[in-house]
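One structure is given here, and the rest of the page talks about it.
Any read-out appearing in this document is the output of simple, stated calculations on the displayed coordinates, not a laboratory observation. Keep in mind it's a predicted model, so treat the numbers as computed, not measured. Cβ coordinates were reconstructed from backbone atoms using ideal geometry, including for glycine residues, and neighbour counts include every protein chain displayed.
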Amino acid sequence: MKKLLLASVFAVVGAMNVHAADFGGAYVGGDIGYSTADDVKGFDGGITAGYGVEMGKWYIGGELGGGLSKADGNDIEKKYYYTGAARLGYKATDKVLAYGVLGLEGAKFDNGPSSANDWGYRYGVGVETFVKDNVTVRGQIDYVDWQGEKGLPGEGEWRTSLGVAYHF
């Protein structure tokens, strides 16, 4: 049974490696970043999963993600975040995609003795490039315009991140 399972895994992985450098299809990945909003600053890291379609040199897709945060200051600590966004991009070359991001983000904030969830609009830009047949790296800058009455009300948060993704 173990040999059959191992052979199946190798067959699937082998089939994945035949995949050409194409941003279309499903992907999963992770990233690390740094966030800042006035005096609230710190590192975060998360995971993403998405799906996209190439139409000539254009790309359109959607992405879900979330992660943990260590951003804190002014008696406020951001604990975790979750996000959903659309990505619209243009292939500068066969292996380089420049894109924009538009979505929503939620987060849990601790404010001293209490904690609350907050939400905001997320805008971003990024560049993604293939480094192997199915592996990309990307750099992204996001701005989250927090809308709620808890956490960072009326403030904007900037996040820069570096990530890696595996395309199926």
Item to check | Sites residue 90 and residue 38 - FRET efficiency at Förster radius 41 Å, r taken between beta-carbons, to 0.05 | outcome: 0.75
Checklist entry - Which far-off residues, 5 or more places away or on another chain, put their amide H under 5 Å from the one on residue 155, with H placed in the peptide plane? => result 146
Checklist entry - Counting other C-beta atoms within 10 Å, which of 75, 110 has the fewest, and how do the rest follow? => result 75, 110
Checklist entry - Which distance in nm do the two modelled labels at residue 28 and residue 131 give, with both placed 7 Å along the Cα-to-Cβ direction? => result 1.9 nm
Checklist entry - Using the count of nearby Cβ atoms within 10 Å as a rough guide to exposure, how do 138, 87 rank from fewest to most? => result 138, 87
Checklist entry - Okay, helix-only estimate at 222 nm for the chain: each DSSP H run of n ≥ 4 adds -39500 (n - 2.57), divide by all residues, round to 500 deg cm²/dmol; what do you get? => result -3000 deg cm²/dmol
Checklist entry - Calculated from the structure, semi-axes √(5λ) of the Cα gyration tensor in Å equals which of (1) 26, 20, 13; (2) 50, 17, 13; (3) 33, 19, 12? => result (3)
Checklist entry - Across the range 25-38, in residue order, what do the Karplus-derived ³J(HN,Hα) couplings come to in whole Hz, using 6.51 cos²θ - 1.76 cosθ + 1.60 with θ = phi - 60° and x for Gly and Pro? => result x, 8, 8, 9, x, x, 8, 10, x, 9, 10, 8, 8, 6
Next on the checklist: Between residue 104 and residue 155, what is 0.36 nm times their sequence separation minus the Cα-Cα distance? Round to one decimal in nm.
Outcome noted: 16.9 nm
Item to check | Degrees between helix 2-16 axis and first principal axis of the chain (Cα, 0 to 90, nearest 10) | outcome: 90 degrees
Item to check | Members of 41/132; 70/132; 57/95 lying beyond 22 Å, as alpha-carbon distances in this model show | outcome: 41/132; 70/132
